[in-house]
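J.: Below is a structure I'd like to ask you about.
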Amino acid sequence: MKAEQLKQEIIAYSKEIDIDKIGFASADVFEGLKERLKRQQELGYQSGFEKGSIEERTEPDRLLPEAQSIISIALAYPSRIKDGPKSTKEERRGVFCRASWGVDYHDVLREKLSKLSAFIRERAPEASTKEMVDTGELSDRAVAERAGIGFSGKNTAMITPEFGSYVYLGEMITNLPFIPDTPLEDGCGSCTKCLDACPTGALVQGGQLNAQRCLAFLTQTKDFMPDEFRSKIGNFIYGFDTCQVVCPYNKKIDFHNHPEFEPEPDVAKPKLKPLLKVSNREFRNTFGHIAGSWRGKKPLQRNALIALGHYKDKTAVEDIIDVMNHDPRPVIRGTAAWSLGKISSPEAFSAIETAMGKESDEQVLAEMEKGLAFKSEVSGT
């Protein structure tokens, strides 16, 4: 079968299986990306979550030796929760970023790519394919940009004309020689809304991200969150959305094309106090199907403690004291102490002072000192 005829059949089939956008790119080396990645590495801007070497991330034929083309797909996801629960003084809630609403997108996109691969192999038995979603070596964004799915925004997101940046991306390397689609022109122009809104300066310049300062990354780490970022995450317990929310291309964008991505209100915006003591089984049952669960419950509980401190939630003091006194994990005990100090009630300060006499971990003791330091702010001395 001729490549162009097969390409059109693939496009038609992609619509049948509810792929919102599809594009075709060459499997040439991503030379520009390679230089940017080297620079990121030199500057220490990488997150550490990246898979593979720079060569594997920019040379498709290292992943599929006979690579000739890459097929990129995009699925739109919602930006609003219908009838979302409200946070109250008695029951404060956290929030997962929009990319973690609904069923884990990795699973959904892999299924779409698997169907697409089977379709291609039926029509071209000689076809070889390698599919990946987010956690693969290739940059989803670089592939999508080359395939004409959208353009790479200053907020480092892939911005599509139809769905804004609220899209999940995946790709398939193949040995079939498809005619590449035309990349889109950059659409950011002189706009700097995302750079101006980034609360930590993680967007160093348009299109360059220092992941070590990105709140979306920091919410996923498992150690103590650095002091300077604690006041900035608000009630986010996983991910961060501000650089997308302020983007003009996302104004009034809210697509509900896929039932799998529909947010479960109490999962997307969970109550914070119950999250502090959730068991492993309860965590898996409640959150195991969403993308935001991949790092386990520890980062989410740490972030929940920070959020309760941010809210100055006095109704949570008893629960947080219990965590500080009994949780076996130093990061959680220490963050609980900091949170109590931030809440700044007499009961909270007294509990920290009592706990210090029994605590032996140096890092936890340092966090207790930080918690007690809020006393001077309260007293004005």
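J.: Connecting C-alpha atoms closer than 10 Å in a GNM of the chain, tell me which of S79, S360, S190 has the biggest fluctuation.
T.: Its mean-square fluctuation being the largest, the pick is S190.
J.: When the gyration tensor of segment 1-117 is built from Cα positions, what are the square roots of 5 times its three eigenvalues, in whole Å, from largest to smallest? Walk me through the intermediate numbers first.
T.: Numbers: eigenvalues 227, 133, 22 Å².
Calculated on Cα positions only, the semi-axes equal 34, 26, 10 Å.
J.: Then there's this: Taking only Cα atoms, what is the 0 to 90° angle, nearest 10, from helix 346-356's long axis to the longest principal axis of the chain?
T.: Orientation of helix 346-356: about 80 degrees from the principal axis.
J.: Evaluate the relative contact order of segment 52-207 (contact order divided by residue number), counting alpha-carbon pairs under 8 angstrom at least 6 apart; express in whole percent. Walk me through the intermediate numbers first.
T.: Values: 220 pairs, mean separation 52.2, N = 156.
Relative contact order for segment 52-207 comes out at 33 percent.
J.: In addition: Run through all the Cα pairs of segment 248-294 and give the fraction in each 5 Å bin from 0, expressed as whole percent.
T.: Result, from short to long distances: 4, 16, 22, 22, 13, 10, 8, 4, 0 percent.
J.: Next up: Considering the chain as a Gaussian network with a 10 Å cut-off on Cα pairs, which listed residue, P265, P78, P299, attains the greatest mean-square fluctuation?
T.: Its mean-square fluctuation being the largest, the pick is P265.
J.: Sequence gap at least 6, Cα distance under 8 Å: using those rules, report the relative contact order of the chain to the nearest whole percent. Walk me through the numbers before you get to the answer.
T.: Values: 699 pairs, mean separation 73.8, N = 381.
Averaging sequence separation for qualifying contacts and normalising by length gives 19 percent for the chain.
J.: Per residue, how big is the convex hull of segment 161-250 when only Cα atoms are used? Give it in Å³. List each step's numbers first, then the result.
T.: Details: hull volume 13.2 nm³, N = 90.
Hull volume over Cα atoms, normalised by residue count, gives 146 Å³.
J.: What order do you get for 33-41, 345-353, 145-153 when each peptide is scored by the mean count of other beta carbon atoms within 10 Å, highest first? Could the numbers behind the result be given before it?
T.: Details: 33-41: 15.6, 345-353: 17.3, 145-153: 24.3.
Packing proxy ranking, top to bottom: 145-153, 345-353, 33-41.
J.: Rounded, prolate or oblate, given the Cα gyration tensor of segment 40-82, with a/c below 1.5 counting as rounded? Working shown, then result.
T.: Details: a/c = 3.80, a/b = 1.27, b/c = 2.99.
Oblate shape, in that a/c is at least 1.5 and b/c is the bigger or equal ratio.
J.: Rounded to the nearest 500 deg cm²/dmol, what is the calculated helix-only ellipticity per residue at 222 nm for the chain, with -39500 (n - 2.57) per DSSP H run of length n ≥ 4?
T.: Working: 17 runs with 160 residues, N = 381.
The per-residue figure over the chain is -12000 deg cm²/dmol.
J.: Would you mind checking the tilt of helix 3-16 against the longest principal axis of the Cα atoms of the chain, expressed as 0 to 90 degrees and rounded to 10?
T.: Helix 3-16 sits roughly 40 degrees off the main axis of the chain.
J.: Given N residues in segment 262-381, what is Rg(Cα) / (2.2 N^0.38 Å)?
T.: Values: Rg = 14.9 Å, N = 120, 2.2 N^0.38 = 13.6 Å.
Against the empirical 2.2 N^0.38 Å value, I get 1.10 for segment 262-381.
J.: Using only C-alpha atoms and all pairs of different ones, pull out the Kirkwood radius for segment 312-381 in Å with one decimal.
T.: Values: mean 1/r = 0.0870 Å⁻¹.
Averaging 1/r across every pair of different Cα atoms and inverting gives 11.5 Å.
J.: Follow-up. Mind listing the Cα extents of the chain along all three principal axes, in Å, largest one first?
T.: Rounded to whole Å, the extents work out to 77, 41, 37 Å.
J.: Order the peptides 268-278, 205-215 from the highest to the lowest mean number of other Cβ atoms within 10 Å of their residues.
T.: On the way: 268-278: 19.8, 205-215: 18.0.
So the peptides 268-278, 205-215, ranked by packing, come out 268-278, 205-215.
J.: Something else about it: Could you state the per residue volume, in Å³, of the convex hull enclosing the Cα atoms of segment 139-212?
T.: Numbers: hull volume 7.7 nm³, N = 74.
Once divided by residue count, the hull of segment 139-212 is 105 Å³.
J.: So between E91 and D266, what do we pick up on full extension, going 0.36 nm a residue minus the alpha carbon distance? Write out the running numbers ahead of the final one.
T.: Numbers: separation 175, 0.36 × 175 = 63.00 nm, distance 1.20 nm.
Taking E91 through D266 to full extension adds about 61.8 nm, to one decimal.
J.: Along the positive direction of the dipole of segment 312-381 (beta-carbon charges: Lys, Arg +1; Asp, Glu -1; about the Cα centre), which of I343, I321, M368 reaches farthest?
T.: I343
Read-outs throughout are calculated quantities, based only on the coordinates presented, and are distinct from any laboratory measurement. Source: prediction; values computed, not measured. Every residue, glycine among them, receives a Cβ derived from its backbone with ideal geometry; neighbour counts consider all protein chains shown.
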